[in-house]
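Student: Quick one: this structure, given as structure tokens, is what I'll be asking you about.
What follows draws every value from the coordinates through simple rules; no lab data is involved. Since the structure is predicted, the reported quantities are computational estimates derived from the model, not experimental observations. All Cβ positions, even for glycine, are placed from backbone atoms using ideal geometry, and neighbour counts span all protein chains on display.
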Amino acid sequence: MTTSKPSRTILVPVDDTNGSEQALDWVISNLYRQGDEVHLFHVVPNPQAKLLGGGLGLADAGEFMVQAPDPKDDRKQVSTAEGFIEQRFVSKVEASKIPHQVEITHFNTDKDSIAAIICKRAQDLETPAVVMAKHNQGSIKEFFLGSVSKYCTHHCKQPVIVLH
């Protein structure tokens, strides 16, 4: 069987929030057209080594030790993501008979890095739109940590639709 390239690939970055679910609902109701494909995209943190140091049972309080990342922790994060994506998102696109792709990628998980990889993926897919939810985290937290949706609206080359 030959599969043809979808006419449009709509990128929907998702996490385990109601806002992301509402963004997908909006895509299904307002943006999706026959022949399109919905690309569900989720970022999990890169496995990180842990730095243990002074006073944590090491002989000298000035000594530090690096503990390698545990592959079980990484697999648990990916498995958790697969679970909520299947339950909250895949079930909806399948119920609507919408062609879709699910992509879970590893990347640094500070706000700018997540947003940068979303913008990069949107560009690679040549998506007509990135549809995402704004996470209301409060003005002080947003000031210090930044906002994924804000970064995307300023840096993505593709149009970004942010649902409030």
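Student: Work out from phi, with θ = phi - 60° and the Karplus expression 6.51 cos²θ - 1.76 cosθ + 1.60, the ³J(HN,Hα) of each residue of the stretch 18-25, listed in order in whole Hz, and give x for Gly and Pro.
Tutor: Working through the residues one at a time gives 5, x, 5, 5, 5, 4, 5, 4 Hz.
Student: Sort 90-101, 72-83, 35-46, 150-161 by the packing proxy (mean of other Cβ within 10 Å over each peptide's residues), most packed first.
Tutor: Going by the mean number of other Cβ atoms within 10 Å, highest first, we get 35-46, 150-161, 90-101, 72-83.
Student: Holding the Cα-Cα limit at 28 Å, pick out from K76/K134; K5/K97; K97/K150; K92/K120; K5/K72; K5/K92 the pairs that are longer than that.
Tutor: Cα-Cα > 28 Å for K97/K150; K5/K72; rest within.
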